[in-house]
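A short worksheet on the structure shown next.
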């Protein structure tokens, strides 16, 4: 029997446009394997929402492989040791995998040495392909995007292999259900199920749905109450669809393609600074006077800040595992600049609750808002949660959906209920402090406090 080739699946759970699978299939019989390995530092181990998604995505991949007469081998433990044991047990000498960019993934890849053949497919182009004139990595997105254009479009996506010869003599694997990735007692994922279809079939269905309204993306992407974004982020994060498939599947809508470019830019930042998710990119932020406000953090996490657009976003996140990008910026600004809570506390909450919790993207977003990142928002950019709500949710549709206790308030007061006359509150059935919280902070006062902190940091 021919020597088998191992295909090591990670966050690339698809059979189409999967270079590692294609290379292994062309070389001989294959052993597809996924290893549940908590190699990441404890605080970066996969969050609860992502584990829910992973369960369903693995089930989808396993079903796809069954069409070729094989199964996905599920193993648990240290990935490097497990792969070496699998090679010894089966006689395999080569492991094929897509390259990953998280620091722990880079360490694993290095530890496997010559036994590992890496392929590309998680980004539009390899992050190291884009370099400044001096040969360093880019720290600002716009010039990075211009450099990326020199490598675009990506190669046309390739279909699944026509044939897969599965290696029959493999060790027994685990049962997916034994991993207990799904929540129990209580099953808090019940609402999430209503919003998502994990797996490649769901990814392509979502892509097709987005294509139908992609031409409106530029105008609609900032309105959280409409279907203006692609909602492909979790499918891309788990590799159920490749960036190339999305690039070639979407009409040439430059603002959206730039969002795909941001994914690559985040990989670029992560490679340049492996501790990017833990450490301020700008070291002067190490002395920033963050506030230890446990009550404020909890109110933010559960959507009880008294600011409707913030609360709506946090409740959407908790219910669906996702949040509209405009709202991500508003809620992050509120935590960092209104409450003066360390951006890493928000990053950790998003990591646990987002189904698209990518290490690079998550860190880049939070450091952008904080001002501590490489390509960061200016320190004086502090989102006003009232005016942001009025601008991007003018009719209160989004707030009424996620904060139903305010549903009867008129548009004029939906984003600042504490300013509504008593008769208006009474008519709407709103009793501040009881049915809906009063604001936990005065935005105008908080803004001045944040500006003073940022200015003192700048002066120092």
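Things worth noting here:
- Across the chain, the relative contact order, built from alpha-carbon pairs under 8 Å that are at least six residues apart, equals 17 percent.
- Percent of Cα pairs exceeding the 41 Å cut-off, where the set is the chain: 21
- The range 284-363 and the range 416-433: distance between their alpha carbon centers, rounded to Å: 26
- Within the range 301-326: backbone nitrogen closer than 14 Å to the residue 391 label point (7 Å, Cα to C-beta): 326
- Cα→Cβ-extended label distance, 7 Å offset, between residue 89 and residue 111, nm: 1.8
- Simple spin-label estimate for residue 184 and residue 380 in nanometres, 7 Å along Cα-Cβ: 5.7
- Per-selection Rg to Rh, the range 259-341 - Cα, Kirkwood hydrodynamic radius: 1.02
- The range 1-50 versus the range 384-411: alpha-carbon centroid distance in Å: 44
- Translational diffusion coefficient (Stokes-Einstein; Kirkwood radius from C-alpha pairs) of the range 398-460 at 20 °C, 1.002 mPa s, in µm²/s: 158
- At R0 = 35 Å, FRET efficiency that the Cβ-Cβ distance of residue 426 and residue 226 yields, to 0.05: 0.65
- Dividing the Cα radius of gyration of the range 206-318 by 2.2 N^0.38 Å, with N the residue count, gives 1.35.
- Rg over Rh, two decimals, the range 261-407 (C-alpha only, Kirkwood Rh): 0.96
- Label reach from residue 282 (point 7 Å along Cα→C-beta): in the range 129-147, amide nitrogens under 20 Å belong to 137-144.
- All Cα pairs of the range 21-68, percent lying beyond 18 Å: 47
- For the chain, adding -39500 (n - 2.57) for each run of n ≥ 4 DSSP H residues and dividing by the number of residues yields -13000 deg cm²/dmol at 222 nm.
- D_trans [Stokes-Einstein, Kirkwood Rh over alpha-carbon pairs] for the range 1-121, 10 °C, 1.306 mPa s, µm² s⁻¹: 108
Each reported figure results from applying straightforward, stated rules to the coordinates on display, with no laboratory input. Nothing here was measured: the structure is a model prediction, and the numbers come from that model. Cβ atoms come from the backbone with ideal geometry, glycine included; neighbour counts cover every protein chain shown.
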